[in-house]
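In what follows, a single structure is set out as structure tokens and then discussed.
Each reported figure results from applying straightforward, stated rules to the coordinates on display, with no laboratory input. Predicted model, so just to flag it, every value in this text is computed and none were measured. Note that each Cβ is placed from the backbone with ideal geometry, even for glycine, and that neighbours are counted across all protein chains shown.
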Amino acid sequence: MRIVAAILLIFALTPGSSAQEGSSQIVFLRPRLGTAFIDNSRSVILRVQERVPEAQMVGIGGGGTKITYRVNPGQHLFVVIAGNADFMVANVLPNTTYYVWVQYLPSGNVRNQYSFKLVDSREQNSKEFKDSVAAAKATENDPASASWLAANLPSVRKRMQEYYGRWLQKPASERVVLGEPSTQ
């Protein structure tokens with residue numbers, strides 16, 4: 001069986017380059033779904049600096065992984081890119097932890113598609129969620145991540161710009177907005 005590897009990209013569109021005192025964290029979780037086609041696809045998280053499409057690699061993961069991103073308080077824009085692109089506004093408070101699922105969207109396409117799903121406080125308090133977070137493998141940026149970005153940046157930029165216009169045309173009620181802090 002041939003496994004087709006889809007690429008999942010998450011960008012953070014924020015000014016500045018490093019987290020300061022009082023920073024918070026957003027934990028992006030990719031659940032393991034038990035399907036090799038989905039679980040073996042790579043998840044790439046990038047931070048876009050100052051404007052689209054200048055990006056900095058944050059990390060790469062797949063099914064059953066978590067990527068913790070330190071961020072300064074304020075408003076930020078994230079995008080997950082694979083066969084599609086979906087955006088999320090994050091209104092970040094100081095010294096707070098947020099959790100976000102990077103969920104698979106069944107589409108019938110050869111390329112995997114993903115979207116953001118906020119984790120509410122009720123779900124965060126569930127045993128199933130706590131077990132998922134504990135079992136998820138933490139991923140970090142490494143030299144292979146930077147090489148991947150360098151090789152794929154033109155495609156990444158094109159997809160991000162294409163879907164950003166579509167996202168801006170959506171009604172506000174259809175856009176994912178992270179604004180309530182997670183509790184630990």
May I ask for the net charge around Ala135, where only other residues with Cβ less than 10 Å from the Cβ of Ala135 are counted and Lys, Arg are +1 while Asp, Glu are -1?
+3
Would you mind ranking Arg32, Arg166 by Cβ crowding within 10 Å, fewest neighbours first?
Arg166, Arg32
Eligible lysines near Lys158 by straight Cα distance, threshold 25 Å, same-chain separation 8 or greater
Lys117, Lys170
